[in-house]
Amino acid sequence: MQLLFLGTGAGMPSKQRNTTATVLKLLDERGTFWMFDCGEATQHQILHTTLKPRKLEKLFITHLHGDHIYGLPGLLGSRSFLGGDEPLTIYGPVGIKAWIELTLATSKTHIKYELNIIEIEEGTIFEDDQFIVEAKLLEHVIPCFGYKVMQKPLPPELLIEKTDAFGVPRGPLLRQLKEGHDVELADGRIVKSFEVTGKPKEGFQVTILGDTKFCKNSILLSKGSDIVVHEGTFDLETAELAGLYGHSTIVDAANVCKEADAKHLIVNHISARFMPSDIKEMITQVAHYDFPIYIAHDFTEYDWANGQLRKIPSE
Ligand SMILES: [Zn+2]
Ligand SMILES: [Zn+2]
């Protein structure tokens, strides 16, 4: 799994930061990617990456402010134009369906793939054999959701030296053992799955929050997450503005993570008022927390493997 930040700005684009779009790359896990929010010009940002719009499988919209949705119609149209024919599902608050449908109809944008738009409520909004996605309402100036993606435990590794020791022949029995079933050998002996497999591997948990002030639901949703992506529109000096506009400071974001016992924090949705030198100052305000904290920039990408988060060096 990788997290790729296509846009990390707040409100409107600046030369440094486009508006919000965050990609959860699941190419190894399911051959697709998921996206959280789709600010204006997200499809332009995609052009600078290796992402293929047809591999976009799910789009989660946190709320209906323009800096989170204005990139949708263009991306949906291009995905069709580029030959994407796999279904796409969009999740978001009430109003998202009418807005998308009206925009596509008015602009005569014909989409050749199956487009499902699901207006969500709090709770489990998606589950299959690999993943569960949960949503909770945050505290912003309009209804705004946070999403938690939980990967289910991965099947344990089959230990071939053990199956050999039991005399299990190579073939379909090995697969049954790997999938957790006990098998009977030709001579009547029973081999139990747990005797020849390793420990099941825990899946990852990533919480991606929308615009919000410091709130209880952010903490509840982030509980135990490996990675939390939290907005940090403001810093300590501009904390008053955060309160006024339903946003957070980087310190609020760090406090959510701390209360939630989350392992890593990535801060996005940074106000255009902050210049690169201010960003260095911003990170010092959270230097004393005992978990890693990163401020994402456009196109920064993080890789999650074996319980470790690593920033992928940019070229
Ligand atoms: Zn915003
Ligand atoms: Zn907003």
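The values are calculated or read from the model by the stated rules, or taken from the named source; none is laboratory data. Here the structure is a predicted model, which means the values were calculated and not measured. Reconstructed Cβ throughout: ideal geometry from the backbone, glycine too, with neighbour counts over all protein chains shown.
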>> Quick check on the stretch 257-265. Is at least one of its residues over 23 Å from Met150 (Cβ atoms) and away from ligand 1 (no atom under 16 Å from the Cβ)?
In response: no
> Under 6 Å by Cβ, and 6 or more places apart or on different chains, what pairs join a residue from the stretch 133-145 that is charged (D, E, K, R) with one that is assigned to a loop (DSSP other than H, G, I, E, B) and surrounded by fewer than 22 Cβ atoms within 10 Å (Cβ to Cβ)?
Replying inline: Lys136/Glu122; Glu139/Lys213; Glu139/Cys215
>> For the stretch 1-15: of the residues being more than 15 Å from Gly232 (Cβ to Cβ) and more than 13 Å from ligand 2 (Cβ to nearest atom), which is surrounded by the fewest Cβ atoms within 10 Å (Cβ to Cβ)?
In response: Lys15
> Pick from the stretch 241-252 the residues that are without any contact (Cβ under 8 Å) to a residue 40 or more places away in the chain and assigned to a helix (DSSP H, G or I): which of them is farthest from ligand 1 (Cβ to nearest atom)?
Replying inline: Val251
> Restricting attention to the stretch 82-92, does a residue exist that is within 14 Å of ligand 2 (Cβ to nearest atom), part of a loop (DSSP other than H, G, I, E, B) and at pLDDT 95 or above?
Replying inline: no
> Quick one: in the stretch 16-30, which of the residues that are within 15 Å of Ile61 (Cα to Cα) and touching a helix residue (DSSP H, G or I) at 6+ places or on another chain (Cβ under 7 Å) is farthest from ligand 2 (Cβ to nearest atom)?
Replying inline: Ala21
> Do you know which residues across the stretch 30-48 are crowded, with 21+ Cβ neighbours inside 10 Å and either of a type in the set (Val, Ile, Thr) or in contact (Cβ under 8 Å) with a residue 60 or more places away in the chain (or both)?
Replying inline: Trp34, Phe36, Asp37, Thr42, Gln45, Ile46
> When you scan the stretch 138-151, how many residues do you find that are within 16 Å of ligand 1 (Cβ to nearest atom) and not in a loop (DSSP other than H, G, I, E, B)?
Replying inline: 3
> Can you name every residue in the stretch 266-315 that is under 20 Å from Lys213 (Cα atoms) and either among the small types (Gly, Ala, Ser) or in a loop (DSSP other than H, G, I, E, B) (or both)?
Replying inline: His269, Ser271, Ala272, Arg273, Phe274, Gln285, Val286, Tyr289, Ala296
> Within the stretch 236-257, which residues are at pLDDT 95 or above and either under 11 Å from Ile293 (Cα atoms) or of a type in the set (Asp, Glu) (or both)?
Replying inline: Ile250, Val251, Asp252, Ala253, Ala254, Cys257
>> On the basis of being farther than 16 Å from Gly9 by Cβ, free of Cβ contacts under 8 Å to residues at least 40 places away in the same chain and among the β-branched types (Val, Ile, Thr), does Val256 make the cut?
In response: no
>> Looking at the stretch 295-309, I want the residues that are over 19 Å from Gln16 (Cβ atoms) and have a partner that is modelled with pLDDT of 95 or more and of a type in the set (S, T, N, Q) with Cβ atoms under 6 Å, at least 6 apart or on another chain. Which pairs are those?
In response: Asp303/Gln2
> If Ile96 satisfies every condition in (1) among the hydrophobic types (A, V, I, L, M, F, W, C); (2) within 16 Å of ligand 1 (Cβ to nearest atom); (3) within 25 Å of Ile295 (Cα to Cα) but one, which is the exception?
Replying inline: (3)
>> For the stretch 206-216: of the residues being in contact (Cβ under 8 Å) with a residue 24 or more places away in the chain and more than 15 Å from Val23 (Cα to Cα), which is nearest to ligand 1 (Cβ to nearest atom)?
In response: Asp211
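This table checks each residue for (1) in contact with a strand residue (DSSP E or B) (Cβ under 7 Å, 6 or more places away or on another chain); (2) farther than 18 Å from His181 by Cα; (3) among the hydroxyl-bearing types (Ser, Thr, Tyr); (4) without any contact (Cβ under 8 Å) to a residue 60 or more places away in the chain.
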| site | (1), (2), (3), (4) |
| --- | --- |
| Glu127 | no, yes, no, yes |
| Met150 | yes, yes, no, yes |
| Glu157 | yes, no, no, yes |
| Ile160 | no, no, no, yes |
| Thr163 | no, no, yes, yes |
| Phe166 | yes, no, no, yes |
> Which residue pairs have Cβ atoms closer than 7 Å, lie 6 or more positions apart in sequence or on different chains, and pair a first residue in the stretch 91-116 that is closer than 12 Å to Gly77 by Cβ with a second residue that is assigned to a loop (DSSP other than H, G, I, E, B) and of a type in the set (Val, Ile, Thr)?
Replying inline: Leu104/Ile111
